[in-house]
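One structure below.
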Amino acid sequence: MAAAAAALSPFLYLDPNQRQHFHIHLNPTKTPPFLSSRNPLLSLQRLHQCNCRCSFPSSSPNSVTPSQYYSFLDDPFRGSRFLSNEELEKLKALESFVYLQELESGSLWVRVMRNEEMDLTAGLLAESFAESMLMPLGYGALLRFLVKQYLIERRAVMPHAVTLVGFYRDKGGEKGNELAGTVEVCFDKRGANASPPTPIPPKNSPYICNMTVTKQLRR
């Protein structure tokens, strides 16, 4: 994970404005993505600079506590592909990966996206994508559908690629825990997308894409 984190850069490959980390901070730069003929979510863009925060929760459906355990082996979207011992170890590492940071304004909690968070994540990505493309509101449902299908497909390549989600809670906790952003991390060539983003990432090197942050948390 440390090597992957070091390779993270302020680029997104499907959506704009979002930030991710594993004891790292990403500064995105905004630029509109475009639809690929092979995948409507493929495009590597610079993201809008911002500071994403995430938090862990209690009762909110958008959050999770450290005591909660989740097994990706039981994930219905993982597929039936046989995993080697090395892949199993990496999958276990992703299961336990959590990044928590206290900020001046609140708390940030980052971990791997879970099955029940797919709709929330797809909605956030679709909203950001539609905004950057200046698409009519009528395309929202279609975009959410396409993004969710993409997330399901990418779920099957774990642990070679992973979608991270971040949750934020303000200091007073008045707003509760909210989904702050998401980003996809590709660790190696087996996790790379069939339709590579632009600019094309180095072969077999970690890169990030599909990164976005909720509007109210952008800087």
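On the stretch given as the range 166-189, residues that are part of a loop (DSSP other than H, G, I, E, B) and under 18 Å from the mean Cα position of the chain (by Cα) total 2. Summed over the range 185-215, the residues that are crowded, with 22+ Cβ neighbours inside 10 Å and in contact with a helix residue (DSSP H, G or I) (Cβ under 7 Å, 6 or more places away or on another chain) give a count of 5.
For residues that are part of a loop (DSSP other than H, G, I, E, B) and not hydrophobic (A, V, I, L, M, F, W, C), scanning just the range 101-136, find the one that is surrounded by the fewest Cβ atoms within 10 Å (Cβ to Cβ). Before the answer, list the steps.
Residues of the range 101-136 that are part of a loop (DSSP other than H, G, I, E, B), as a first pass: 103-105, 113-114, 134-136.
Next, only the ones that are not hydrophobic (A, V, I, L, M, F, W, C) stay: 104-105, 114, 136.
On the way: GLU104: 6, SER105: 14, ARG114: 15, PRO136: 8.
By that ranking, first place goes to GLU104.
Flag: LYS203 matches the condition of being more than 30 Å from GLU104 (Cβ to Cβ), free of Cβ contacts under 8 Å to residues at least 24 places away in the same chain and over 18 Å from the mean Cα position of the chain (by Cα).
Against the test of being in a helix (DSSP H, G or I), touching a residue at least 60 places away in the same chain (Cβ under 8 Å) and not hydrophobic (A, V, I, L, M, F, W, C), the options TYR150, TYR139 yield a single qualifying residue, TYR150.
Pick from the range 63-112 the residues that are over 16 Å from LEU164 (Cβ atoms) and of a type in the set (Asp, Glu): which of them is modelled with the lowest pLDDT? Looking at the filtered set, the residue picked out is ASP74. Scanning the range 154-165 for residues that are surrounded by 15 or more Cβ atoms within 10 Å (Cβ to Cβ) and either on the phi > 0 side of the Ramachandran plot or assigned to a loop (DSSP other than H, G, I, E, B) (or both) yields VAL157, MET158, PRO159, HIS160.
The values are calculated or read from the model by the stated rules, or taken from the named source; none is laboratory data. Here the structure is a predicted model, which means the values were calculated and not measured. Here Cβ is always computed from backbone atoms with ideal geometry, including for glycine, and neighbour counts include all displayed protein chains.
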